[in-house]
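Read the structure below first, then the notes.
The values are calculated or read from the model by the stated rules, or taken from the named source; none is laboratory data. Remember, it's a predicted structure, so these values are computed and weren't measured experimentally. Cβ placement follows ideal geometry from the backbone for every residue including glycine, while neighbour counts extend to all protein chains displayed.
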Amino acid sequence: MTQSVLSCRAQAVVDSGSDNPFFDVISDVWCPSKNPKGYVNVGVAENTLMHDELLKFLNQRLELPAKYLTYNEGGSGSSRLKKAIASFLNNHLKPFTPLDPSHLMITNGVSPAVEHVAWAFADPGEGILLGRPYYGMFIPDISLRSGSPVVPVSFDEHDPLSLEGVDKYEEAILEFQQRTGKKVKALMLCHPHNPLGRCYPRAVLIKMMQLCQKYQIHLISDEIYALSTFENSVDTHPPPVKFESALSIDPTGIIDPGLVHALWGMSKDFGANGMRIGVIISQANRNVHMALQGTALYSQASGITDHLTSLLLEDTDFTNRYIQQNQQKLSEAHAYTTNYLKQHGIEYATGCNAAFFVWMDLGKRYHELHPEEDCEDIEKTVMQRLLQKKVFLATGFLFGSEQKGWFRIVVTQGHELLSMALERIVAALE
Ligand SMILES: Cc1ncc(COP(=O)(O)O)c(C=O)c1O
């Protein structure tokens, strides 16, 4: 066998991937007709609820002009696409200063956008704040290649999306700086929140901006679920908060606008993870754009995607209808799931009105059903049982959860798959 000679960083990735069940899951995916015994995958944040409508639109419209077979306008995206996204997001995010195409850099997804901003804002060893629980892939996206550690923020008994929560970010800055002698350079926010499915209140965003100003930290607001909000018809505690973009806040007297950046993309609000479009929005910091020109070629969206996304976002009637129907379907999927969980005595995080998830305490239910068992690692025990029943979802551990036993279910892949997943989850706990 060839001895692989990799860098230490690359070898660490090889080593950490060796016992990941995800690879078994994706090579044996459930299909009601062709593979009924396969894994039901409710672990990956995909929304297929509107795929038929989107495919109909795209397949009817695709006719590719030759310039999209060239490098076109380079790594940061075509001016046509930037114009389309700026106009679309001006309608939906209502930024305080209207977006101009020059404020945008296009990438092939928000993951590369996160990596870019981490690289641009922090030197190796300098920290980037991230509140718990968090979207697990933020860790490699932020740290793997930049060498900038994530500084996780714990909230103890406080709500991570509250005003008191912001004080915990400050404690984490001071603790990190004292412990390492290095600076914290950015705060990564996920708004709406993955996995909690809630939006940050405006007052909390403002307090975060004030904190960032005090320590001269960049605020990066990942708003990839901005338009995937919905009416919660089942539970209203804590009261759902309407989504308001960080860009909609007048920074005057609060924060240097050069420290405020937002991310958005096509993966979630258009259920199009495979299109690979992301955008970095930085309205008042030309240096960010100039620095990222140097790395833009590594994350250039394909010409076909650039063209298709432009076509789609230029059609305001279609996108308005699409977003509204999607939100209705999200509301139904959330209601179905939460009612099912209630009927089966499974506690879940209430007050959601955004994104694709329900965050639920399978560990607690397992303890109730098996009081005689003394589980050392409840998430591992439950996960093993879930995999035995051929259902895959992500454990709280991957999200840096402060409480043990929580899991995130993705509810947006159609009723048939969702009901099969819920049945298997309940069976796995018995
Ligand atoms: C909060 C958040 N940001 C970024 C991403 C990655 O998005 P993309 O497919 O655009 O790389 C995800 C995907 O799950 C996400 O949940």
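Things worth noting here:
- Of the residues Y134, Y169, the single one that is closer than 20 Å to P195 by Cβ, in the same structural domain as Q210 (by TED's automatic domain parsing), touching a strand residue (DSSP E or B) at 6+ places or on another chain (Cβ under 6 Å) and aromatic (F, W, Y) is Y169.
- Q324 away from the ligand (no atom under 16 Å from the Cβ), of a type outside the set (F, W, Y) and not assigned by TED's automatic domain parsing to the domain that holds F357: no
- The requirement of being within 16 Å of the ligand (Cβ to nearest atom), buried (at least 24 other Cβ atoms within 10 Å of the Cβ) and closer than 19 Å to P133 by Cβ is fulfilled nowhere in region 240-248; no residue meets it.
- Of all positions in region 18-29, none carries a residue that is without any contact (Cβ under 8 Å) to a residue 12 or more places away in the chain, farther than 27 Å from E379 by Cβ, in the same structural domain as N326 (by TED's automatic domain parsing) and out of contact with any Gly (no Cβ under 6 Å at 6 or more places or on another chain).
- Answer from L247, L263, L189, L227 - the residue that is modelled with pLDDT of 95 or more, touching a Gly at 6+ places or on another chain (Cβ under 7 Å) and closer than 30 Å to L312 by Cα: L263
- Hits in region 49-80 - residues which are of a type in the set (F, W, Y) and within 27 Å of the chain's Cα centre (by Cα): F57
- Yes/no for L62 being closer than 29 Å to T316 by Cβ and within 16 Å of the ligand (Cβ to nearest atom): no
- Contacts under 7 angstrom Cβ, first residue in region 125-147 being without any contact (Cβ under 8 Å) to a residue 40 or more places away in the chain, partner within 15 Å of the ligand (Cβ to nearest atom) and of a type in the set (S, T, Y), 6 or more apart: M137/S111; D141/S111
- H289 meets the conditions (1) within 16 Å of the ligand (Cβ to nearest atom); (2) surrounded by fewer than 19 Cβ atoms within 10 Å (Cβ to Cβ) in every case but one. The failed one is (1).
- Residue selected from region 30-70 under the condition without any contact (Cβ under 8 Å) to a residue 12 or more places away in the chain and assigned to a loop (DSSP other than H, G, I, E, B), by the criterion surrounded by the fewest Cβ atoms within 10 Å (Cβ to Cβ): S33
- Among (1) assigned to a loop (DSSP other than H, G, I, E, B); (2) within 15 Å of the ligand (Cβ to nearest atom); (3) over 18 Å from G294 (Cβ atoms), the one test that G77 misses: (3)
- The C-beta contact set for region 297-309 (first residue over 15 Å from M105 (Cα atoms), second residue polar (S, T, N, Q) and in a helix (DSSP H, G or I), distance under 7 angstrom, 6+ apart or interchain) is empty.
- Which listed residue is among the charged types (D, E, K, R), loosely packed, with under 15 Cβ neighbours inside 10 Å, assigned to a helix (DSSP H, G or I) and assigned by TED's automatic domain parsing to the domain that holds F22, from K342, K329: K342
- Breaking point among (1) surrounded by fewer than 10 Cβ atoms within 10 Å (Cβ to Cβ); (2) part of a loop (DSSP other than H, G, I, E, B), for D15: (2)
- If the condition is being of a type in the set (K, R) and more than 14 Å from the ligand (Cβ to nearest atom), then region 249-286 contributes only R286.
- Taken over region 246-268, the criterion of being touching a helix residue (DSSP H, G or I) at 6+ places or on another chain (Cβ under 7 Å) and outside any strand (DSSP E or B) is satisfied by A246, L247, S248, I249, P251, I254, I255, D256, L259, M266, S267.
- Of the helices (runs of 4 or more DSSP H) contained entirely in region 129-234, those carrying at least 3 residues that are buried (at least 17 other Cβ atoms within 10 Å of the Cβ) and within 16 Å of the ligand (Cβ to nearest atom) fall at 138-143.
- Complete set of residues in region 354-376 that are within 23 Å of S331 (Cβ to Cβ) and in contact with a Ser or Thr (Cβ under 8 Å, 6 or more places away or on another chain): A354, A355, F356, V358
- Residue among A118, A86 that alone is part of a helix (DSSP H, G or I), in contact with a helix residue (DSSP H, G or I) (Cβ under 7 Å, 6 or more places away or on another chain) and more than 16 Å from the ligand (Cβ to nearest atom): A86
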